[in-house]
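Below is one structure, written out as structure tokens; comments come after it.
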Amino acid sequence: MAEINASVSEEILAICRETLGDLESFTPLHEPSFRGNEWKYVKECIDTGWVSTAGSYVEQFEKKLAEFCGVRRAVATCSGTAALHVLLKVAGLNAGDEVIIPSLTFVATANAVAYCGGIPHFADSEEDTLGIDPQRLRKHLEDLTEIREGVCYNKSTGRPIKILLPVHIFGHPCKIDELQAVAKDFHLALVEDAAESLGSYYKGEHTGKRGIGAALSFNGNKTITTGAGGAVITNDEDLADRLKHIASTAKQPHRWEYIHDEVGYNYRMSNINAALGCAQIESLPQMLEEKRSLAKRYQSNFAASPNVRFFSEPQDCRSNYWLCCIILETQCATELESVLEATNSNQIMTRPIWRPLHQLPMFQDSPQMSLETVESLSKRVLNIPSSAKLAPQGVY
Ligand SMILES: *Cc1c(COP(=O)(O)O)cnc(C)c1O
């Protein structure tokens, strides 16, 4: 038994080393990369005094972002969580409504639902995409819900289910065609958590364009960073205006009066953060190429392993490979701890996937479907170093 232990973790360590080359220091999962105009743009904010929520970089960043994603509008916010919160609010989420989200996601997805007084209703994931399993979700909703006057009700809790909120996990697009059909058939609004999937495409189309809108994140560990920040992308101009209004304390435009027409939020992105974002988005295409070439190198180096599989982009998708991950075969699930130990003790940061949200104290009483794939994946998925700068030299 001890021998098998050693072999799985040693094999993974060896493949990571082969892929990443000689590492001089501890290699984190994801480091930001500043290689362009970051310093110049941020310095300009300071030199001109435009450092806060007014200033030209915020609008510029919103424009560049909308253009990159191929949507009409982007509204920049102070975090991805804030973007998701205001988006859910304008999507009509009220206290006591349920929202379908995966259990296997970052906690912010569920927190944003809770900020609105909503209740997360956990869906199972699938091995193909790591996102919500559309077929099993459909079956679950057929058994559990009834439609009354155009509203979907959970028969066991009596509460309305209002929104389907899928997540593109680690930048891999989920099966959005099928999920969109489920949302339509059960009268659910579709909102996407695309926090991890800037630069990821489903059937040639940028992620985050199927629903009312999508939330992005530019936290320090995301594909591009504004320090802290987020955005909503949408094709709905009125929705974008409304988002901007409530994210800016709901202040009515006026030259000197301070009049606010509802409870708003101080969620706007600052000009300094947006200046960073403007520079980062200029480098985004190159960083995506680098991240994809690193993923390709991992993929071929892990290909022969009987113990572990490198997770590659789903069919018909082009992923940003925000965080690369490997999945232990079921018979090796017991080795998770030893793999974490071996890699983290040898300069290579690895991390298990998030603790499933239905297991966290604040969400353990939330409604859920049977979550067997989440239970299994959560014991087998590991993230491995994924920074753009780790790409093999000379391939891009
Ligand atoms: C990062 C992330 C968020 C939240 O973004 P912040 O900018 O950290 O608030 C939301 N959802 C998912 C899936 C994320 O990975």
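The values are calculated or read from the model by the stated rules, or taken from the named source; none is laboratory data. Remember, it's a predicted structure, so these values are computed and weren't measured experimentally. Cβ: placed from backbone, ideal geometry, glycine included. Neighbour counts: every protein chain shown. Areas reflect the complete protein model, heavy atoms only, side chains present, ligands, DNA and RNA absent. Shrake-Rupley method; radii C 1.70, N 1.55, O 1.52, S 1.80 Å.
In terms of accessible area, using a 1.4 Å probe and ignoring ligands and nucleic acids, W322, W256 rank largest first as W256, W322. Looking at segment 22-98, which GluC sites (Glu not before Pro) are DSSP coil and have at most 13 other C-beta atoms within 10 Å of their C-beta? Sites meeting the loop and neighbour criteria: E24.
Taking amide H as placed 1.01 Å from N in the peptide plane, R159 has its amide H under 5 Å from the amide H of N154, each at least 5 places away in sequence or on another chain. Using the Karplus relation 6.51 cos²θ - 1.76 cosθ + 1.60 with θ = phi - 60°, the per-residue 3J(HN,Hα) values for segment 325-339 come to 9, 10, 10, 5, 4, 3, 5, 9, 4, 5, 8, 3, 4, 5, 5 Hz, with x marking Gly and Pro. The amide H of S79, built 1.01 Å from its N in the peptide plane, has G230 as neighbours under 5 Å, considering only residues 5 or more places off or on other chains. Evaluating 6.51 cos²θ - 1.76 cosθ + 1.60 at θ = phi - 60° for every residue in segment 19-28, the Karplus couplings come out as 6, 8, x, 6, 9, 7, 9, 4, 9, x Hz, glycine and proline recorded as x.
Does the chain come out rounded, prolate or oblate, given a ≥ b ≥ c as the square roots of the eigenvalues of its C-alpha gyration tensor, rounded meaning a/c under 1.5 and, failing that, prolate meaning a/b above b/c? If you can, show how the numbers build up before the last one.
Values: a/c = 2.07, a/b = 1.16, b/c = 1.78.
The shape class here is oblate.
Work out the FRET efficiency for K389 and D128 from their Cβ-Cβ distance, taking R0 = 30 Å, and round it to the nearest 0.05.
0.50
Using a probe of 1.4 angstrom and keeping all protein chains present, the accessible surface of segment 23-80 works out to 57 square angstrom per residue.
Residues of segment 324-363 falling in the label zone of K379, defined by backbone nitrogen less than 13 Å from a point 7 Å along Cα to beta-carbon, are 328-337.
Couplings for segment 208-225, taken from phi via the Karplus curve 6.51 cos²θ - 1.76 cosθ + 1.60 with θ = phi - 60°, read x, 10, 8, x, 4, x, 9, 9, 10, 10, 10, 4, x, 9, 8, 4, 10, 10 Hz in order; Gly and Pro are left as x. A simple spin-label model places pseudo-atoms 7 Å from Cα toward Cβ; at R355 and S25 they are separated by 3.1 nm. Put a plus charge on the Cβ of each Lys and Arg, a minus charge on the Cβ of each Asp and Glu, and nothing anywhere else: the dipole of the chain about its Cα centre is then about 840 debye.
Computed from label points 7 Å out along Cα-Cβ, the spacing between A304 and A95 is 6.2 nm. Extension gain for E237-V51 works out to 64.3 nm (0.36 nm per residue, less the C-alpha to C-alpha distance). Between E59 and K139, the distance separating the two model label sites (each 7 Å from Cα on the Cα→Cβ line) works out to 5.3 nm. With contacts taken as Cα pairs under 8 Å and at least 6 residues apart, segment 1-137 reaches a relative contact order of 13 percent. Surface composition of segment 174-305: carbon and sulfur atoms hold 50% of the protein heavy-atom accessible area at a 1.4 Å probe.
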